[in-house]
Structures are given as C-alpha cells and as structure tokens.
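Encoded as structure tokens, the structure appears first; notes follow it.
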Amino acid sequence: MGSKPVAATVGLLLALQPLLSAGTVAAQPDAAARNGDRPVLAEIERRGVVRCGVSFNPGFAANDDGGRPVGFMVDLCRALAATVLGKADAIEIRRLSKPQEFAAVAAGEVDVSFAQTSWTLTRDATYAVDFGPPIFYDVQGIAAWRLPDGHSALDGDLTVCVPAGTTTQAELETLIGGGKRPWKLRSFPGWPDTLEAFLSRDCAAISADRALLTTALHMMETPQDAVEIADIPSSLASREPLAPLTPNSDRNWMAAVRWTMFALFLTDDAGVSGANANFQRITGTSEMRRLLSGMPEVAAKAGLRPDWAYQAVVQVGNYGEIFERNLGNRSPFKLDRGLNRPWTQGGLLYAPVFQ
C-alpha cells in the first residue's frame, strides 16, 4: 500500500502536538491541592480553566486547521467549563496515555479525564479515582487488511495489534487462549503506536473499540474497501462503557461532573437544544424548567453556578448535538448513535430525576 497511510498518521499525530504535547503533564498542583485541603472546584475557580485529559483520536479529540481543540470529548469538557465557570472555552486539553491517566487524575494534574477509558471493577477498586456516568457506549471491534483476492483474512492465521493494558487485549487473550481463533497478539504502549504498526502492515489486523477503529481508519489515504472492519462475536467481545474520571478526594467536583453529563442526556431526550433552551426555560415541562433554572439553592450546595445547566446547553449543546457534529451525520464519520441514544429511543442514556 506504500507509505501514505503511515505518513498521514504521523502527520495527524504531529499536528496534534501543540494541543497534546509529549504525553506528560508538566504542571503540578500546589501543596494544598495535593493534600486535599483545597477542593477541586475552588482550585478551578482560582485557576480560571478546567483541565481535561483526553486520548487522541479523530472525532473524539484533535486540533482543527486553526489549532483549536475539537471533538466529542473536548465538547464534554467545554460543557463542564460552562457549568462551573460560565465559559465553555475556559479549558486546557492535555493528552494522557493509559499508564499515565489514573495517576494524573489521582494527583490532581488534570481535573477530569475524558480519555476514552472503560469503567471496570478492577480500575474502580484499584485507583484513587471516581468514575462518572458512562458517556459513550461501545463494543470491541477488529479490522484487517483484505487478502489479495479480496476475501477476509479474519478466518485464518494472523497477527493482531492491540494497545497494551486494555480490556481489548484481555478479551483477545481469552479468545485466543480458548482456541477459538488461531491469532497471535502484538501489544504496543499506546493507541498511536498500535495504529501506526497496523498501517505499516507490521500486523495484519488491529483490535480496539469499534468507534475508535472507524474514525481512525476513516482518515487513511487508501481505498476504504482495502480494510474490513468487523465486530468481535457478542458472546466474546468486551463491553466498553467509556466514563469520565475524577479524583476521589472531592465529592462536590464528582457531583458537578456527574450532573453536567446527566443534564446533557436529559435535554437531548427532551428535545431541548442550544437554540430553544431559552424558550424551554419558560414553557418546558416542570422538570425542564427546574433543570434550566439551575435549582439555585441546590446548586449552591454543590458549588455550581445558578444557571449551570442552561449555560452548558446554550454554549455547547445537548448530548445529541455534541454527538452529531463530532461523530454522527454532521461529521465525516457518520457513526450511528446506536446505544448512545436516550433510553426512550432504545439507547442506554438515562438521567436521574432533577428535583
């Protein structure tokens, strides 16, 4: 296939460096923040920005042509900034790899991570972090170069590239160990290295979350029919409920993250958008009026602004608007929402009661 896909991938990664530099976080929290003496919300207000960790992938987190951070996870960070600071663009975006992510969150080097991390029991029990509500539901997928005759390579012997330390790797090890597939695994430190190895044909296949594969391979400078993307059989594939992470030292901050996400879910379900939120604030259902008015007395107890939910929806949009412009029909990727629909539409997005 030549060097174009590798060059394209390297170019994308280099273009991201001003936003997602080095993979390490230079800034350290002050001693009070590290010791838990200063709540995260107070530190955010002092600093004037929300610091969000992300993992690079087109559609989820990247730089646009002007160098501005964009993507689904970036917009969730912006909604959070609108909630707690009243300014959606008051954010700092930092790239986190899986080995760094948990330590960076626990140490307060970022306020919240949207680095496409699945919520698992082991992670919940092991690390000093709290998981928020799942904000993107995915399943495990696999992609492989087609054989010269155009047939699938997935039924034969092949080497599969995977990111190390992921649920994807664990599930494939179980699949291979059980003799269900004659495959071999090669693990790499992170997603960019894994993707580059596949594009270089060091591996015949690559496995990751289905949406991650779809958006990344969409950027390839090669015919789309040269690669086959398939689901791992549902009886074997890992479930991937991607959820934000916060330090477990500040309950109010976790509540701010949690209820901001729930507000985006509920406004999507109710058809309240950035364009009609002002009208719905007056004429909507009783719950929607409570939500968009912010429930000031309750908000104050949680350390939120009186108009917190209204600002998030007006400045950034509801969950559906965020999904469609970054990943769905208004994006180059055209992903189906699938499980990422409101529960009333057959999806899994469900918000507790705003009361």
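The values are calculated or read from the model by the stated rules, or taken from the named source; none is laboratory data. Not measured: the values here are computed from a predicted model. Every residue, glycine among them, receives a Cβ derived from its backbone with ideal geometry; neighbour counts consider all protein chains shown. Protein only, heavy atoms only, side chains kept; ligands, DNA and RNA dropped before computing areas. Shrake-Rupley method; radii C 1.70, N 1.55, O 1.52, S 1.80 Å.
Our helix-only sum for the chain, with -39,500 (n - 2.57) per DSSP H run of n ≥ 4 divided by its residues, gives a mean residue ellipticity at 222 nm of -11500 deg cm²/dmol. Rounded to 0.05, the FRET efficiency of the Arg325 and Asp157 pair, given R0 = 51 Å and the Cβ-Cβ distance, is 0.75. Express the carbon and sulfur contribution to the solvent-accessible surface of the chain as a percent, rounded to the nearest whole number, probe 1.4 angstrom. With neighbouring chains kept in place, the figure for the chain is 52 percent.
Note on Ala170 and Glu45: with the Förster distance fixed at 45 Å, the Cβ-Cβ geometry gives a FRET efficiency of about 0.65.
Within the chain, what percent of beta bridges assigned by DSSP are antiparallel, to the nearest 5? Percentage antiparallel, nearest 5: 55. Specify whether the C-alpha gyration tensor of the stretch 179-336 places it in the rounded, prolate or oblate class, a ≥ b ≥ c being the square roots of the eigenvalues: rounded for a/c under 1.5, otherwise prolate if a/b is larger than b/c and oblate if not. Judged from the Cα gyration tensor, the stretch 179-336 comes out prolate (a/c at least 1.5, a/b above b/c). Residues whose amide H comes within less than 5 Å of that of Glu92, counting only those at least five positions distant or on another chain, are Val50, Arg51, Cys52 (H built at 1.01 Å from N in the peptide plane).
In order along the stretch 319-324, the Karplus-derived 3J(HN,Hα) couplings, from 6.51 cos²θ - 1.76 cosθ + 1.60 at θ = phi - 60°, round to 4, x, 5, 5, 5, 5 Hz, and Gly and Pro are given as x. Amide H contacts of Ile135: Leu242, Ala243, each under 5 Å away and 5 or more positions distant or on a separate chain (H built 1.01 Å from N in the peptide plane; Pro and chain starts excluded). Only protein heavy atoms count here; under a 1.4 Å probe, Met220 has an accessible surface of about 20 Å².
Once Rh for the chain is found with the Kirkwood sum over Cα pairs, what is the Stokes-Einstein diffusion coefficient at 37 °C and 0.692 mPa s, in µm²/s? Diffusion coefficient, whole number: 156 µm²/s.
For the stretch 129-269, taking the reciprocal of the average inverse distance between every pair of different Cα atoms yields a Kirkwood hydrodynamic radius of 16.7 Å. Reported value for the stretch 156-218: 79 Å³ per residue, from the convex hull of its C-alpha atoms. Distance between the 7 Å Cα→Cβ label points at Asp64 and Asn278: 2.2 nm. Would you grab the residues whose amide H sits under 5 Å from the one on Thr159? Only those 5+ places off in sequence or on another chain, please, with H modelled 1.01 Å from N. Answer set, sorted by chain and number: Lys184, Ala204, Ala205. In order along the stretch 262-276, phi translates into HN-Hα couplings of 5, 4, 5, 4, 5, 5, 4, 4, 8, x, 8, 10, x, 7, 10 Hz, rounded to whole numbers, per the Karplus curve 6.51 cos²θ - 1.76 cosθ + 1.60 with θ = phi - 60° and x for Gly and Pro.
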